[in-house]
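Some notes on the structure that comes next.
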Amino acid sequence: MAIQRRLTTDADFEEAMTRQLGIRVFRDDQIVDSGGVIIRFDENTIIIQSGVGDFAYHPRALCEFFELKKR
């Protein structure tokens, strides 16, 4: 089971990126990405890598981001 914590601030995203925590992304109340790690972010976009060469670009304003912590 995993505990989810919502990421909202630059500090939240920086911590998740530094600790390489798994991320779950929701858009329009649906999961659109899960398990990848944040490799870069700015005020507009969060970039998540799920595997070698597998990158997803999520608009920060349209999505909700949660870190996944294992219990």
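Taken together, the values in this text are just the output of simple stated rules run on the coordinates, not laboratory data. Keep in mind it's a predicted model, so treat the numbers as computed, not measured. Backbone-built Cβ (ideal geometry, glycine too); neighbour counts: all protein chains shown.
So, with +1 on the Cβ of K and R and -1 on the Cβ of D and E, and no other charges, what is the size of the charge dipole of the chain about its Cα centre, to the nearest 20 debye?
Values: 10 positive and 12 negative charges, 80 e Å.
So the dipole magnitude of the chain works out to roughly 380 debye.
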Legend entry - Amide H contacts of G22 (H built 1.01 Å from N, under 5 Å, at least 5 apart or other chain): L68
Inset, instruction - Taking amide H positions as placed in the peptide plane 1.01 Å from N, state which residues far from R60 in sequence (5 or more) or on other chains have amide H under 5 Å from it. - result: T45, I46
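Looking at the square roots a ≥ b ≥ c of the eigenvalues of the Cα gyration tensor of the stretch 31-71, which shape do they give, rounded for a/c under 1.5, prolate if a/b is larger than b/c, or oblate? The partial results should precede the final answer.
Numbers: a/c = 1.77, a/b = 1.16, b/c = 1.52.
The shape class here is oblate.
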Inset, instruction - Label the chain by shape, choosing from rounded, prolate and oblate, from the square roots a ≥ b ≥ c of the eigenvalues of the Cα gyration tensor; if a/c is under 1.5 it is rounded, and otherwise prolate applies when a/b is larger than b/c, oblate when it is not. - result: rounded
Legend entry - Estimated 222 nm signal from helices in the chain, with DSSP H stretches of n ≥ 4 weighted -39500 (n - 2.57), rounded to 500: -4000 deg cm²/dmol
Inset, instruction - Report the net charge of residues surrounding P59, where surrounding means a beta-carbon distance below 15 angstrom and charges are Lys +1, Arg +1, Asp -1, Glu -1. - result: -2
Legend entry - Contour excess over end-to-end distance, with Cα ends at Q20 and R60 and 0.36 nm allotted per residue: 12.6 nm
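Using 0.36 nm times the number of residues separating S34 and T9, minus their current alpha carbon distance, what extension gain do you get? Write down the numbers at each step before the final one.
Details: separation 25, 0.36 × 25 = 9.00 nm, distance 1.94 nm.
So the extension gain works out to 7.1 nm.
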Legend entry - Within a Gaussian network of the chain (alpha carbon springs, distance under 10 Å), most fluctuating of Q30, Q20, Q49: Q30
